[in-house]
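First up is the structure itself, then whatever we jot down about it.
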Amino acid sequence: MVEGRIRKVSGPLVIAEGMREANLFDVVRVGPDRLIGEIIEMHGDCASIQVYEETAGLGRGDAVVSTGAPLSVELGPGLLSNIFDGIQRPLEAMRARVGANLVRGVDEPALGREQRWHFEAVKQPGDVVGPGDIYGTVQENDVIQHKIMASPRTRGTIVELRSGDYRITDRIGRIRLEDGSIADIPLMQRWPVRVARPCRQKLPPVEPMITGQRTVDTLFPIAKGGTACVPGPFGSGKTVVQHQLAKWSDVDLVVYIGCGERGNEMTDVLREFPELVDPKSGKSLMKRTVLIANTSDMPVAAREASIYTGITIAEYFRDMGYSVAVIADSTSRWAEALREMSGRLEEMPGEEGYPAYLTSRLAQFYERAGKVVCLGGDERIGTLSAIGAVSPQGGDISEPVTQATLRIVKVFWGLDSSLAYRRHFPAINWLNSYSLYRDRLSDWFTGHVSGDWNALVGRCLRVLQEEADLQEIVRLVGMDALSPDDRIKLDVAQSIREDFLQQNAFLDVDCYTSLEKQHGMLRLIFHYADEALRAVRAGVEAERVCTAPAHEKIARAKTVPEDRWEREFAEIAAGITGEMDRLIEQAGEERV
């Protein structure tokens, strides 16, 4: 145990001397209240420590004690349905212990020590196990089966293993390691948060993460195991988009990280998620969710810890063979914490005062996403998808955090405040957003949805781009300067924007749309486009086509329930054809 003395206190940064024997990234206890901190720099016998709690009251000469271990998380049954702070202290247990107003220096184990879990062994004494092999299972709740795995650093022969009811720290068995020593097998394992959990092999992501959000699934899809960012100004709906992704994405588990978020937004998550029903299981959404709450009034240094804590917990469930989504809101506030710590360390600043290593820190987070072959004797495929919100000041995406993120992630959902003010949800701007997974996922969509999926999506994007070009002409010389064909293009683009891309998050039938129904809606819109062009080329005035009742039918199509859309869409398409036939017939009679 290494003990030093405080030499300097500067906000969340503490400089301690007499720490020559300590190691970089060791966890330390600071001052009489034993505040939790982490060594981030070493200069001779002086250690620079970022403290994850309020440092008011610390003084020169106060003791600093190193634990000799890096910042680690506890991994085992009890993680799900729980809410932790940035350093994995369980907030509910802490509230029960010290009240609603948390005090400094409270040390509460992340996983409850009294609850018993029923362990079912799948291995037997004499079995040889290696990294990632499954000892047995614990049914953590009626949604998720928790797999008790050998640590990535364990290899040996099982001496003893018994099914039964155990506490998290009880010995469920023993193993003879390769060096001949005997070690206990617990239900829980620890892992340092800054070290990525190993896997056997990384695979290219080739399956989409289906979200039920039409703009995302159709135009800018993300793959399972992919990375995405959601930048946008204040009030453009970043948090709402991330809530929708957490609720509806077809993943097994969600780790939601509130990194520097306002307290009321985390409160909304806590209130909504237990009441929401998971569409896959019919149970509460919280049963497959882990919440990491680091609000804006908590110490700024803990934002970095919350990011690493969340991604490490997600990797643990990925190693069981589950699909996991990590949603971080927002990485900009993590970057602000890095900027503050860098300034207090008197490092040479980069652009806009951010540290020069900003991009590498962001990359270390996003590169832990992916589709992997998990460690272990059985063939397990796990995926970890990372989605981060970015909050550029004033919506300026040219600022360093957004640009550094865009160089790393493969999907960019650019939020637009003008769309948000028009109540267009999700406010994803279709002209500057992109997905680099679209070509890779095209074969999946063709094989699982429809052979013409890619053609329809390509046509949709072309129409939206042509609308932007035509709007420039309209602003200059007016609508009358457009040809009938161009008038129809504008009409179809409006239908795509208002009837397809816009969704009502408060309407049960519209907040989630299956891929099959999304495809049906696109086919319906382009059926109208083809019929409208046929009508204007047959002599029907564009104005009469654009004001036909078909528009109202297409607008109502998104509210058709999932079990009736095929029949009703066919009726709407037949009605559109009949309507255009009547208009063509009337135009012919008028010419005669």
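On a per residue basis, the chain carries 42 Å² of accessible surface, using protein heavy atoms and a 1.4 Å probe.
In this simple spin-label model, placing a label point 7 Å from the Cα along the Cα-to-Cβ direction at both GLU566 and GLN145 gives a separation of 3.2 nm. On region 241-306, 51 percent of the accessible area sits on carbon and sulfur atoms, based on a 1.4 Å probe.
Label-to-label distance for VAL477 and ASP396 is 3.8 nm, based on points extended 7 Å past Cα in the beta-carbon direction.
Rolling a 1.4 Å probe over the protein heavy atoms of region 410-539, with every protein chain left in place, gives an accessible area that is 49 percent carbon and sulfur. Model label points for PHE234 and ASN504, set 7 angstrom from Cα along the Cα-to-Cβ axis, are 3.1 nm apart.
Here region 115-152 is scanned for amide nitrogen atoms under 14 Å from the site 7 Å beyond the Cα of GLU160 along Cα-to-Cβ, giving 125-126.
Restrict the search to region 288-363; then list the GluC sites (Glu not before Pro) that DSSP places in a loop and that have at most 16 other Cβ atoms within 10 Å of their Cβ.
Values: sites: GLU304, GLU315, GLU336, GLU340, GLU346, GLU347, GLU351, GLU352; in loops: GLU346, GLU347.
Loop-located and lightly packed - GLU346, GLU347.
Do any trypsin sites (Lys or Arg not before Pro) in region 501-592 lie in a DSSP loop with no more than 12 other beta carbon atoms within 10 Å, and if so, which? Loop-located and lightly packed - ARG564.
Per-residue ellipticity at 222 nm, computed for the chain from helices alone with -39500 (n - 2.57) per DSSP H run of at least four residues, works out to -10500 deg cm²/dmol.
Compute the length gained on full extension between ASN432 and ARG534: take 0.36 nm times their separation in residues and subtract their Cα-Cα distance, giving the result in nm to one decimal. Write out the running numbers ahead of the final one.
Details: separation 102, 0.36 × 102 = 36.72 nm, distance 3.18 nm.
My answer for the length gained is 33.5 nm.
For VAL159, nonlocal amide neighbours, meaning residues 5 or more places apart or on other chains whose placed amide H falls under 5 Å from its own, are GLY126, ARG174, ILE175, ARG176. Here are some pairs, LYS247/LYS371; LYS371/LYS558; LYS280/LYS410; which of them have Cα atoms lying more than 29 Å apart in this structure? Check vs 29 Å cut-off fails for LYS371/LYS558.
Find, among the chymotrypsin sites (Phe, Trp or Tyr not before Pro) in region 209-306, those assigned to loop by DSSP (not H, G, I, E, B) with at most 14 other beta-carbon atoms within 10 angstrom.
Values: sites: PHE234, TRP248, TYR256; in loops: PHE234.
The qualifying sites are PHE234.
To the nearest ten degrees, helix 453-477 and the longest principal axis of the Cα atoms of the chain are 70 degrees apart.
Available extension along the chain between TYR357 and ILE40 is 112.7 nm, counting 0.36 nm per residue and deducting the alpha carbon span. Around the amide H of SER10, modelled in the peptide plane, lie the amide H atoms of ILE15, all under 5 Å away and 5 or more residues distant in sequence or on another chain.
The values are calculated or read from the model by the stated rules, or taken from the named source; none is laboratory data. Bear in mind the structure is a predicted one, so any value in this text is a computation, not a measurement. Because the Cβ atoms are built from the backbone with ideal geometry, glycine has one as well, and the counts that use them run over all protein chains shown. We work out accessible area using only protein heavy atoms, side chains counted, and drop any ligands, DNA or RNA first. Shrake-Rupley method; radii C 1.70, N 1.55, O 1.52, S 1.80 Å.
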